[in-house]
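The values are calculated or read from the model by the stated rules, or taken from the named source; none is laboratory data. On a predicted model such as this, the values are computed, not experimentally measured, just so you know. Here Cβ is always computed from backbone atoms with ideal geometry, including for glycine, and neighbour counts include all displayed protein chains. The protein model used for the area step is the full one, side chains on, heavy atoms only, and it has no ligands, DNA or RNA in it. Shrake-Rupley method; radii C 1.70, N 1.55, O 1.52, S 1.80 Å.
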Amino acid sequence: MCFDMKLSFPAFAGFLPLFICISSVCAQPASDSTLYKESVSKIRQVYFDEIGDNAQIYHGSEYIRNGQKAIGFPFYESNEMNAGSVSYQGTTYSNQSLYYNLVSDELIINNYPRNALIVLAMGKVDSFTIMNHVFVPLNGDKTNRLEKTGYYDQLYAGEPSVYARREKRMVVGSGSEETRYIQHDDFFIEVKGVYYPVDGKSALLDVLKDQEDLLKKYIRTNKLNFKKDLESSLVLTTIYYSQLKH
């Protein structure tokens, strides 16, 4: 945990019993995992309540919403903030209210007093969870074949893994047409650090061709429709492939 210089030594010294307590809890055998998790969670919450806006997560830049009228919204799944968690510089912050802006690819939270919105620096975000989806930052380069650096939805974390790159753009209406937000999703299969774009059954089978016959049979048996439901078909087929390999 990194501390901002605004945190005085007396205040820091007051947290020492908390650190000792955390160490003590962590040293105990987890015979009762539920009690163990609850104890650690309560200690962490007391700690974060005490340091308040000195927590590193609250040191982002202010976010100003786009006031332009449009059909839809720029955020992931909802125009309202949703409960989630953020892993930030190695520390997990639970019970956060989140926006994920798909236009600007920004993760947004309330500041500590909850009177303004702030954007978290992508380079300091390890991952975040919103609406039961885990997003992770990935760096695009020629080696891993990712064209874009940004947040990716980790749909399946295995070998291989499945990721989605979710984006929105504002399409300005002309004439009687209204301005609206349009979403587009791209999917990738990650194999040994390389991300292969997949836009359908043929592309997926080309990546996983060493088990092509068995995968075709699985797809037929389970009546997977890649045209109507590409996302779940990709995930289910990849999970089955992973089971074949392991």
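Look at the range 156-170 and say how many of its residues are under 14 Å from residue 242 (Cα atoms) and either open to solvent by less than 50 Å² (accessible area, probe 1.4 Å) or in contact (Cβ under 8 Å) with a residue 60 or more places away in the chain (or both).
6
Would you say residue 173 is without any contact (Cβ under 8 Å) to a residue 24 or more places away in the chain, under 30 Å from residue 124 (Cβ atoms), small (Gly, Ala, Ser) and touching a Ser or Thr at 6+ places or on another chain (Cβ under 6 Å)?
Judged against the criteria, residue 173 is not a match.
With (1) in a loop (DSSP other than H, G, I, E, B); (2) open to solvent by less than 70 Å² (accessible area, probe 1.4 Å); (3) at pLDDT below 95 as the list, and residue 79 as the residue in question, which single condition is left unmet?
Among (1) in a loop (DSSP other than H, G, I, E, B); (2) open to solvent by less than 70 Å² (accessible area, probe 1.4 Å); (3) at pLDDT below 95, the lone unmet condition for residue 79 is (3).
Within the range 204-234, which residues are among the aliphatic types (A, V, I, L, M) and surrounded by fewer than 16 Cβ atoms within 10 Å (Cβ to Cβ)?
Passing the criteria: only 214.
Is it true that residue 141 is open to solvent by 30 Å² or more (accessible area, probe 1.4 Å) and among the charged types (D, E, K, R)?
Yes.
State whether the residues of the range 101-124 include one that is closer than 30 Å to residue 241 by Cβ, within 14 Å of the chain's Cα centre (by Cα) and open to solvent by less than 30 Å² (accessible area, probe 1.4 Å).
Yes: the range 101-124 contains one or more residues that are closer than 30 Å to residue 241 by Cβ, within 14 Å of the chain's Cα centre (by Cα) and open to solvent by less than 30 Å² (accessible area, probe 1.4 Å).
Being open to solvent by 40 Å² or more (accessible area, probe 1.4 Å) and among the aliphatic types (A, V, I, L, M) is the filter here; which residues of the range 171-190 pass it?
Answer for the range 171-190, where residues must be open to solvent by 40 Å² or more (accessible area, probe 1.4 Å) and among the aliphatic types (A, V, I, L, M): 171, 172, 182.
What pairs can you find where one residue is in the range 193-206 and closer than 14 Å to residue 152 by Cα, the other is open to solvent by less than 30 Å² (accessible area, probe 1.4 Å) and of a type in the set (A, V, I, L, M, F, W, C), and their Cβ atoms are less than 6 Å apart, with a gap of 6+ or different chains?
Qualifying pairs under 6 Å: 195/146; 195/188; 196/189; 197/188.
Restricting to the range 211-237, count the residues that are of a type outside the set (Val, Ile, Thr) and farther than 17 Å from residue 161 by Cβ.
Residues that pass the stated criteria total 15.
Give the residues of the range 207-246 that are of a type in the set (Gly, Ala, Ser) and touching a residue at least 40 places away in the same chain (Cβ under 8 Å), sorted by residue number.
Listed by number, the list holds a single entry, 242.
Enumerate the helices (runs of 4 or more DSSP H) found wholly within the range 133-246, keeping only those where 2 or more residues are under 30 Å from residue 98 (Cα atoms) and within 26 Å of the chain's Cα centre (by Cα).
230-245
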